[in-house]
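Asks: This is the structure I have questions about; it appears just below.
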Amino acid sequence: MKNIPLKQLDFKLLLIFSVFFTSLSFCQGNLTKNKSDFWENVKLGGGFGLSTGDGFFSATLAPSAIYQFNSKYGLGVGLNGTYNRQKNVYKSTIFGGSVIGIYNPINEIQLSTEFEALNVNRKFEGNFSNNLDNNYWYPALFVGAGYRTNNITFGIRYDVLYDDNKSIYANSWMPFVRVLF
């Protein structure tokens, strides 16, 4: 490897950092100018769930963000985190994400498709721990329709990939409420 004099190396590093930071500040100036346009079209929302019963606890947090291209089309992403526990039987953690597309053919009707991939980690306890623990990815593909009023949509969705043995959902048909701000 060729030895570069220290002064020449310092100059090259100074030049590289100068170009980098000048480019960065130029890009940041352009981003802040266009930033307001982008964020004006982003709708934030999500869902949460809490369920308790005789020795059972479940909590879900599922935020989402949708970029509204125009009054008809939107595309977004979501996250999902769920914790379940049935006392002395099992506990599970579920984490994943989704990509959602929405279409409003008229103002009151919203059609949607959503691909969701969830990592399911179940650990059984006590008499139920006979090597039943499992960790797997579960995909779901939902198609849905709903009635929309302002920023709230009430509807139903269907999981076309539903697997009765692996799904975390009770069945393939699910009602939903979508709130976006």
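Asks: For 122, 178, 85, give the ranking by accessible area with the largest first, probe 1.4 Å.
Replies: 85, 122, 178
Asks: For region 59-181, which whole-number percentage of the solvent-accessible area (1.4 Å probe, protein heavy atoms only) is attributable to carbon and sulfur atoms?
Replies: 61
Asks: A further question on this structure: What accessible surface, in Å², does a 1.4 Å probe find on residue 87, ignoring ligands, DNA and RNA and rounding to the nearest 10?
Replies: 120
Asks: How about residue 87: which aspartates and glutamates have a C-alpha closer than 12 Å to its C-alpha, ignoring those fewer than 8 places off in the same chain?
Replies: Correct list for residue 87: 54, 125.
Asks: Using the Cα centre as the reference, give the magnitude of the dipole from point charges on the C-beta atoms of region 87-181 (Lys, Arg: +1; Asp, Glu: -1; all else neutral), rounded to the nearest 20 debye.
Replies: So the magnitude is around 240 debye.
Asks: Normalised by the number of residues in region 37-139, what is the relative contact order in percent for Cα pairs under 8 Å and 6+ residues apart?
Replies: Once divided by the residue count of region 37-139, the mean separation gives 19 percent.
Asks: Right, here's the next one. For residue 72, which aspartates and glutamates qualify as cross-link partners when the Cα separation must be under 14 Å and same-chain residues fewer than eight apart are set aside?
Replies: 108
Asks: Using the Karplus equation 6.51 cos²θ - 1.76 cosθ + 1.60 (θ = phi - 60°), what ³J(HN,Hα) coupling, rounded to whole Hz, does each residue of region 142-158 give in order, writing x for Gly and Pro?
Replies: Those phi angles translate into 9, 10, x, 9, x, 9, 10, 9, 6, 9, 10, 10, 10, x, 9, 9, 10 Hz.
The values are calculated or read from the model by the stated rules, or taken from the named source; none is laboratory data. None of these values were measured; they are calculated from a predicted model. Neighbour counts run over all protein chains shown; Cβ positions are idealised from the backbone, glycine included. For the accessible areas, the whole protein counts, side chains as well, though only heavy atoms, and no ligand, DNA or RNA atoms are used. Shrake-Rupley method; radii C 1.70, N 1.55, O 1.52, S 1.80 Å.
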